[in-house]
Amino acid sequence: QCNIEEGSRCLGPATSTGYGNPVASYETKDVCLSNGAAWNYYGLAPFAGRFGHGAVTLNGVLWIMGGIGSRTRTFFNDVWVETTNGMACYPSEATDVCTAPTADAPLSSSCAFARNGTALCWNSAPATTVNNTFTPRGFFGYAVLSGDIYILGGHRLRGWTAEKGPPASSPSCLSGGSCQLDDSINDVWMTDGQAHAAGPGTVAGVVWQLVTASPGWVARGRAATVAFNNRLFIMGGERLVLQASGGTLTTYFNDVWSSTDGLNWKVRFKYSVECFM
């Protein structure tokens, strides 16, 4: 006896091999779980710990992009994909190691991190050139529209570089300790997510394209973004501006903008009494 509710799944008793046991079903009550009630642990992923990153799905592949590292002293623009559709990955040999990307296999395998099926199969998806990708950032907007992944704006630390980290004299950082975000951006990037072979001066990977550096809306992070009715929408958010005094001025927005291509943006409304059209 089991009350099956909408959005739930029911599991009957299984045999020792994990297959369904119809005989035992007559004597054992099925277990019914609502979606989200049961979680699988897949262990630690190969990418660095982070927050403020983006996650989307495209063509059955899970994408992790960018983000901020420990104590807000590191910023990322790396991209990782998981292609097993949620199923565990098993390396063929115990000595398997990650392989470098090549023209024939642009995405380097991280199946070595999937011992005993406790982790997912994560692959690094590098940009084809260092300069042809979004700059490191966190709390950016992200969405999938018409088969393309878009990244919109975000927050960063003024003067930060991958080589040196935070500026030594940054007023937004404590001595040897944590930093706080103090700068916002408003560029828009996109990729079709397809792997491309290496060419002259490039490595095998995905191609990111700068759609626009001037979308019309003010630089911001922590904005709500979504693809709806064949349009990208960016809504609200906050802008961080480092002041001469060393503090950071935060401005909050309630404007809403939309675009069909990420390039041309139209303000939809600035007041809560208006409606989507």
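Figures for the structure shown
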item: Label-point separation, F269 to N132 (7 Å along Cα→Cβ), nm; result: 4.2
item: Label-point separation in nm, N230 to L174, each point 7 Å along Cα→Cβ; result: 5.3
item: Mean projected area in nm² (Cα convex hull; one quarter of hull surface) for region 164-252; result: 9.1
item: Extended-chain gain in nm, criterion 0.36 nm per residue less alpha-carbon gap, R73 and D261; result: 64.3 nm
item: Near-label residues of region 132-176 by backbone N, under 15 Å of a point 7 Å along Cα→Cβ of F51; result: 138-140, 155-156
item: Peptide ranges 150-156, 210-216 listed from the most packed, as the mean C-beta count within 10 angstrom indicates; result: 150-156, 210-216
item: Accessible surface ranking that places the most exposed of V61, V23 first, with a 1.4 angstrom probe; result: V23, V61
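The values are calculated or read from the model by the stated rules, or taken from the named source; none is laboratory data. Here the structure is a predicted model, which is why all the values come from computation and not from measurement. Glycine also receives a Cβ, built like all others from the backbone with ideal geometry; neighbour counts cover every protein chain displayed. Note: areas computed on protein heavy atoms with side chains; ligands, DNA, RNA excluded. Shrake-Rupley method; radii C 1.70, N 1.55, O 1.52, S 1.80 Å.
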